[in-house]
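The values are calculated or read from the model by the stated rules, or taken from the named source; none is laboratory data. Just so you know, these numbers come straight off a predicted model, no measurement behind them. Every residue, glycine among them, receives a Cβ derived from its backbone with ideal geometry; neighbour counts consider all protein chains shown.
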Amino acid sequence: MYLTRLDPQPDSFEELAMPLFDRLYNFAHWLTHNREDAEDLVQETYAKALKGFSSFRLGTNFRAWMYRILRNTFLTSRTGLKATMTLSLDSEEDGPELPVEGDTPETILMERSNLQLVQSAIDDLPVYFREILLLCDVEEMSYQEIAETLSIPIGTVMSRLSRARKTLRDSLRLQFQKG
């Protein structure tokens, strides 16, 4: 959502911000792993955004601005600081490819149970990988929007996304081999 001088000026902060509420809450929930913390994070994000709305610049991406406020609020919160963790990125070995099967009742059941594994693997990613993966693949932001949201170069977006996907793939591969 870009605003330029040619666009009609929205009447209020509410008109711009409220359509983003559900998506911001989903992103906050992924970051915090807790419903109450996510609600608090979104509430604080909206309060900060409303307070700073007069400083929002025309021609910039409002959605990226809101996500940046949410992310910065998360990172400076107690939850964000304790959620940082490290994972090794040096593992280069690739295991065998997982077989592809047709849709049978057994495979549907397996897919549902695998969904829990995927969610758990995403939750276990470090924050800087989890947020970039969610912004790209869940929120469907462009690399440029992600770069604006996270205040990082677009090249960093691409490399972190690649590493996040590889880390997720390796984690899932290990889980599938165990089970």
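Please determine whether any residue of the range 114-122 is under 15 Å from the mean Cα position of the chain (by Cα), under 23 Å from residue 23 (Cβ atoms) and at pLDDT 90 or above. For the range 114-122, residues under 15 Å from the mean Cα position of the chain (by Cα), under 23 Å from residue 23 (Cβ atoms) and at pLDDT 90 or above: absent. Taking the criterion of being out of contact with any Phe, Trp or Tyr (no Cβ under 8 Å at 6 or more places or on another chain) and in a helix (DSSP H, G or I), the residues of the range 149-158 that qualify are 150, 155, 156. Of the residues 92, 101, 106, the single one that is touching a helix residue (DSSP H, G or I) at 6+ places or on another chain (Cβ under 6 Å) and at pLDDT below 80 is 101. The single condition from (1) modelled with pLDDT of 90 or more; (2) in contact with a Ser or Thr (Cβ under 7 Å, 6 or more places away or on another chain) that residue 65 fails is (2). Taking the range 122-137 as the range and being within 13 Å of residue 156 (Cβ to Cβ) and among the charged types (D, E, K, R) as the test, only 131 passes.
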